[in-house]
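Structure record follows, encoded as structure tokens.
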Amino acid sequence: MIGTPEILIICAVIFLIFGAGAIPKLARSIGKARNEFEKGLKESTPKSKNLEDSNEDLDGSETK
């Protein structure tokens, strides 16, 4: 398990590598990527349910 000292060390290394000016840009791009990923998950969920329904129709194993 990662504790507080390890997180502080990781943050310090990131600060040293990227500098103070690049950290907000990096955080913003990570946030946008996360939002796009979640948006993609929400959009793909109904499609996968439709695929499952169509597979049941093809198999003839639909229960009504």
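So V13 ticks every box in (1) part of a loop (DSSP other than H, G, I, E, B); (2) out of contact with any helix residue (DSSP H, G or I) (no Cβ under 9 Å at 6 or more places or on another chain) but one. Which box is left unticked?
(1)
Inspect region 37-45 for any residue being at pLDDT 85 or above, part of a helix (DSSP H, G or I) and of a type in the set (A, V, I, L, M, F, W, C) and give the result as yes or no.
Yes: one or more hits.
If you take the residues in region 1-26 that are among the small types (G, A, S) and at negative phi, which one is modelled with the lowest pLDDT?
A20
The values are calculated or read from the model by the stated rules, or taken from the named source; none is laboratory data. Everything numeric here is computed off the predicted structure, so don't read it as measured data. Note that we place each Cβ from the backbone using ideal geometry, even for glycine, and neighbour counts take in every protein chain shown.
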